[in-house]
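Only one structure is covered here, and it is reproduced in the block below.
The values are calculated or read from the model by the stated rules, or taken from the named source; none is laboratory data. Please read these numbers as outputs of a predicted model, since none were measured by experiment. No Cβ is skipped: glycine too gets one built from the backbone with ideal geometry, and neighbour counts run over all protein chains shown. For accessibility, only protein heavy atoms count, side chains too; no ligands or nucleic acids. Shrake-Rupley method; radii C 1.70, N 1.55, O 1.52, S 1.80 Å.
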Amino acid sequence: MNTLTDFFSFSDPNIRFVVIGAMLLTASSAIVGTFTFLHKKSLVGDAIAHAVLPGICLGFILSGTKNPAYLIIGAFITGWLSLAAVEFITRRTRIKEDTAIGLVLSVFFGIGIVMLTVIQKSGNAAQSGLDHFLFGKAAALVGEDLMVFGTVAVILLFCVFLLFKEFSLLAFDKAYAQSIGLPVRRIELVLTSLIVLAVVIGIQAVGVVLMAAILITPAAAARFWTHRISVMVLLASLFGAFSGLAGAYISYIAPAMPTGPWIVIVISTIAFISFFLAPRRGVISRMIRQRAIRRTINNENVLKTLYQLGEESKNFFLPRTEADIIHKRSYPSPLLTAVLHRLRRQGYVERIGTTWQLTEEGMSRGQRVVRIHRLWELYLTTHVNIAPDHVHDDADTIEHLLTPELETELERLLNYPTVDPHQAEIPYKKPV
Amino acid sequence: MNDLYIILTASLVACSCGLLGCFLILRKMAMVGDAISHAVLPGIVIAFLVSGSRDSVTMLAGASLIGMLTTFLIEFLHKKARLQTDASIGVTFTCLFAIGVVLISLFAGKVDLDQDCVLYGEIAYVPLDMILSPTGLIFGPRALYIMGAIFIAIVLFITFGYKELLLTTFDPAFASALGISATFWHYLLMGAVSATTVASFESVGAILVVALLIGPAATAYLLTDNFLVMLILACVAGVLVSISGYYIAVWLDGSIAGAIAGMTGLLFTLAMLFSPTHGLLFKKLRTTSDEVSSA
């Protein structure tokens, strides 16, 4: 507990630098990353992260110092060049985008590695620490770094704030943005520059390979909690900042642990929790919803079958065996038994010995399904001009979905018909 | 002799990767290959901890499993969680790679792997690890034998599965109609990619495996429309970049694997400009001559 209070009192300036630096980096990357994600450019972020390496080396070779300004300029140039290369290859040759990204990423990185090894063997004493760009050095951030990161973060935030509407529009409807006269190319150019900028400072925290994670993963996680883009940006930056804080804390209590990978593990954990547990969009809530829909469909299909059996014998309340039902419409036997028991609990059928009998409610629900089915078949033949032998499957789906309001509307529109296209009677609640 | 060993090993890595790369780029799965090459890292570390050695069969099997798991996870996130493909690839491989790096630092004393080696390997050390007979006879470097075995396995895999791989690549619907399971061959291919990645890991590292998976295949794709010719051309390109990359690295005194990746880019650029069928230069010449003749 002592380490916890030590850490969060931020009395040690080193801790302060690391925590503020890590949080600045992850939060600002996450904000830019949200738009990278929405523009479906996640892997482009990965490509830029690898492609800045030769630029950093070049900046060092030309300037002879590790002055961040030169390195960032170099990184910016090759980062941009890599994007231009991906776009050129995709547009002008038969190579697909993913192949172009992979190719550019690995070739630029390879060239960067060659330059790095050449620099390391050149004997220039100033070069030590250049390889921080490969794996990040979040745990060794100092005051100077903070100044650079802070400035870049402010620039990023300011641009995103200024162009928020344009970025959002472009992410969702590029054609519309073009038609209302927005300078689409130029806005895309700005966004790409922001991605490059975020990558250039971000790789100093987590390194080349994991950069894509702090760009994309917070946004991917945030996407599962909201439909509003402003909320998404906010959530992504919170997730990012939290992972930065957690990563810094872990490497504080266990100094041998690398900060960057821990930041990524924390943010990935948040993402996987979101993917599974988020309400509405999460995997589990989606599964629960699908199960509920499947159950309703099974329920209604069995009630419909019982109703149709009733129509044939002109008596809806005759007890039926399970074999009778399967004879009319094929169900796997265990499924049918389970559905019938569920219907009994809900009060739609009653069990008499080994047979099943519709209740009043079950009869009217089965009747409604049959009514919608036949109304819909009629609607499709009369209003949509589909041949009567092609309408059954569609009606089989819609019978479970139509709302009572639409049902009334349909009845009105068709003028309360009595028979469907196959001359079967359309049953109404109160027999006409 | 050492030169020859290094070039031979690099060529075998390049050919194995190039052959598989042809399928990857045609299936639009180049980035899945990239993801697998990163994601096998935790598999390598765990297998290393369990078996205690680097070149055991457990390591290959374990890594292949992790590779298939990666493929499964990417598809699961895409299909079940409805995450867009690019993001599901990005999230999956970074997460697994981060776990791998943390595992390396956790077991730093027990695992003979370091971060640099993970990223760009050290092919220059290939001749240092020789297989010796009990009488002291030198049989050649261990890595050469491993890559030779992998290359033969890949060639056999493609020879015997040629029809199935081809059909599931170009027309998955027709393949299923013939009773060929697209999913089965998909996972088999990904398993092969993982195994190759792991075997090549020591020599060329995670990211440069990607250069060899994609580069030679993409170059070949620009030179021909015949798939069999594409496979052969990818191997030729792989050997060319291995030889030229090695000598450039020696000349610059830099990383061999990095130089090979750089040469992949150069070769691709040449193919992009001068390919007789798909090159930009000839396309341009053709359009100009069309204009002249129509004028």
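Structure above, values below:
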| item | result |
| --- | --- |
| Summed buried accessible area for A+B [probe radius 1.4 Å, Å², rounded to 100] | 4900 Å² |
| Lysines with Cα under 25 Å of A:Lys429, excluding same-chain neighbours fewer than 8 positions away | A:Lys304, A:Lys314, A:Lys328 |
| Shape of chain B, Cα gyration tensor, a/c cut at 1.5 | oblate |
| Only Lys, Arg (+1) and Asp, Glu (-1) charged, at Cβ; chain B dipole about Cα centre in debye | 640 debye |
| Note, ³J(HN,Hα) from phi for region B:58-65, Karplus 6.51, -1.76, 1.60, rounded to Hz, x at Gly and Pro | 4, 4, 4, 5, x, 5, 4, 4 |
| Burial order of peptide ranges A:109-122, A:301-314 (average beta-carbon count within 10 Å, highest first) | A:109-122, A:301-314 |
| Neighbourhood charge, 13 Å Cβ-Cβ cut-off, centred on A:Gln204 and excluding it, Lys, Arg +1 and Asp, Glu -1 | -1 |
| Cβ-defined net charge surrounding A:His341, 13 Å radius [Lys, Arg +1; Asp, Glu -1] | +3 |
| Other-chain or far-sequence residues with amide H under 5 Å of A:Arg320's (modelled H) | A:Trp356, A:Gln357 |
| Contour excess over end-to-end distance, with Cα ends at A:Ile297 and A:Leu157 and 0.36 nm allotted per residue | 45.5 nm |
| Per residue value of the accessible surface for the protein assembly as shown (all protein chains in place, 1.4 Å probe), Å² | 44 Å² |
| Accessible carbon and sulfur surface of the protein assembly as shown relative to its total accessible area, %, 1.4 Å | 66 percent |
| 222 nm mean residue ellipticity, helices alone, for chain A (DSSP H n ≥ 4; -39,500 (n - 2.57); rounded to 500) | -24500 deg cm²/dmol |
| Derived scalar couplings ³J(HN,Hα) [region A:180-191; Karplus, 6.51 cos²θ - 1.76 cosθ + 1.60; whole Hz; x for Gly, Pro] | 8, x, 6, x, 4, 4, 5, 5, 4, 4, 4, 4 |
| Euclidean distance between Cα centres, region A:139-169 to region B:26-93, Å | 33 Å |
| Sequence-distant residues sharing a close amide H with A:Val349 (under 5 Å, placed H) | A:Arg344, A:Thr359 |
| Point-to-point label distance, A:Ser313-B:Ile232, nm (Cα→Cβ direction, 7 Å offset) | 7.5 nm |
| For region A:282-432, size of Cβ-based charge dipole, Lys and Arg +1, Asp and Glu -1, in debye | 800 debye |
| For region A:408-421, Karplus couplings with θ = phi - 60° (6.51, -1.76, 1.60), whole Hz, Gly/Pro x | 4, 4, 5, 4, 5, 4, 8, 6, 6, x, 10, 10, 8, x |
| For B:Leu83, residues with placed amide H under 5 Å, excluding near neighbours | B:His78 |
| Among A:Pro261, A:Pro421, B:His78 - extreme Cα towards positive end, dipole of the protein assembly as shown, charges at beta-carbon | A:Pro421 |
| Separation of the A:Asp131 and B:Leu273 label points, Cα + 7 Å toward Cβ, nm | 3.5 nm |
| Estimated dipole of chain A in Debye, rounded to 20 [Cβ of Lys and Arg +1, of Asp and Glu -1, Cα centre] | 220 debye |
| Helix axis angle, B:227-252 relative to chain B longest principal axis, alpha carbon, degrees | 60 degrees |
| Top positive-direction residue, dipole computed over chain A with Cβ charges, set A:Asn298, A:Gln357, A:Phe272 | A:Phe272 |
| 19 Å reach of a label modelled at A:Thr397, 7 Å along Cα-to-Cβ, counting backbone N of region A:277-300 | A:290-300 |
| Residue among A:Leu375, A:Leu81, A:Leu163 with the largest mean-square fluctuation in a Gaussian network model of chain A, springs linking Cα atoms under 10 Å | A:Leu375 |
| Neighbour net charge for B:Glu164 - beta-carbon separation under 15 angstrom, K R +1, D E -1 | +1 |
| Sites A:Phe8 and A:Ile273 - FRET efficiency at Förster radius 25 Å, r taken between beta-carbons, to 0.05 | 0.60 |
